[in-house]
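Scroll down for the structure; my scribbles are underneath it.
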Amino acid sequence: QVDQQGFPRRPAFPRAMPVSNVVLDEKIRDFVFVPIFVVVMMVKALMSNLMVLTKSEPKANIKDMKTNNLMSRVKLLKSHAEWLKPKAFQSRKAFFMKKDEGQLWKPPPAPKDPLQAAQPDPSAAAGMMKNQVVFIGLQGGLGYWVSYTFSGFLVAMLPLPLTFRFKPMMQRGVDVAALDVRYVSSLSWYFIILICGHGLLNLYNVWRSAEMEEDGALSAMMGPAMGGGAAANPMGMGAPDMEKTYQAERENMEIFTHDFRLDDAEVQLWLKWNDPKALAGLTTKA
């Protein structure tokens, strides 16, 4: 038989039907599927810990920290002054307000240059570079281990139908044109864990350290009030004028009136215990 142009026609071959009756051995699950998952997750957990260990903390300015702690101590003194005796309050007030010697009379540190404060920290860039080197090294070693040890394995079959466009994604390392797209190769299974493993680790960390996160959130809320680090009131761009802040705190301390709440505590306790109504209420509670 020839075609319209006189050339012999090529014999028509039947198209290869997708193979969907491949039976996966249970040993593949035990010795390929599960080991890849466990090893990749353990390496990702190890990598997270290594990044935490190699992370360089930003250098704190000691002068800024002292200034922030000083402001916090002044506020704490005024908020809890009612529990201090007059002598104790006056001694603490003199520590801040004594003329030419008190902490609020000393000149505050000069503010930073905005251009210098806006420059990135070279140590932070070096820390990011170290983390990237660790990430690339571990992931490259894992990919080579999976592709060399478990080359050509089919480890799973998806229960949902997929189009042919997913074949390069789901069957890396397995070049079988007639294979059903739903089968997942060992190398593709590694990439799936690599992409989704970070989210699984985050869920595990949230479940394991829920109480620790609550304590950390409470500490973060109390940090600025208790005079934390330099981040509570940075001395760089947009920082307030510390000279005016010192002056305002001095004025507030001068007009502050101290009232000791425990001055007549013995009398109040005696009246409370001799009051029949109060005594009856205490007996009922007991």
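The values are calculated or read from the model by the stated rules, or taken from the named source; none is laboratory data. None of the values given here were measured: they were computed from a predicted structure. Ideal geometry is used to build each Cβ from the backbone, glycine not excepted, and the neighbour counts take in all protein chains shown. Side chains included, ligands, DNA and RNA excluded: accessible areas come from the protein's heavy atoms. Shrake-Rupley method; radii C 1.70, N 1.55, O 1.52, S 1.80 Å.
I'd like the full set of residues that are among the aromatic types (Phe, Trp, Tyr) and outside any loop (DSSP other than H, G, I, E, B), limited to region 252-271.
Once the filter is applied, which keeps residues that are among the aromatic types (Phe, Trp, Tyr) and outside any loop (DSSP other than H, G, I, E, B), region 252-271 yields only TRP270.
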Against the condition of a type in the set (D, E, K, R), over 20 Å from TYR246 (Cα atoms) and at pLDDT 85 or above, how does LYS87 come out, does it pass?
yes
Within region 34-55, is there a residue that is more than 30 Å from ILE193 (Cβ to Cβ), at pLDDT below 85 and open to solvent by 100 Å² or more (accessible area, probe 1.4 Å)?
no
Consider region 20-33. How many of its residues are surrounded by fewer than 12 Cβ atoms within 10 Å (Cβ to Cβ) and either outside any loop (DSSP other than H, G, I, E, B) or of a type in the set (Phe, Trp, Tyr) (or both)?
3
Filtered residues of region 129-176 (kept if open to solvent by 40 Å² or more (accessible area, probe 1.4 Å), of a type in the set (S, T, N, Q) and part of a helix (DSSP H, G or I)):
GLN132, SER147, THR149
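Can you confirm whether LYS167 is out of contact with any Phe, Trp or Tyr (no Cβ under 7 Å at 6 or more places or on another chain), closer than 30 Å to LEU262 by Cα and at pLDDT 85 or above?
no
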Any residue at all in region 177-187 that's in contact with a strand residue (DSSP E or B) (Cβ under 7 Å, 6 or more places away or on another chain), more than 30 Å from LYS85 (Cβ to Cβ), open to solvent by 50 Å² or more (accessible area, probe 1.4 Å) and modelled with pLDDT of 85 or more?
yes
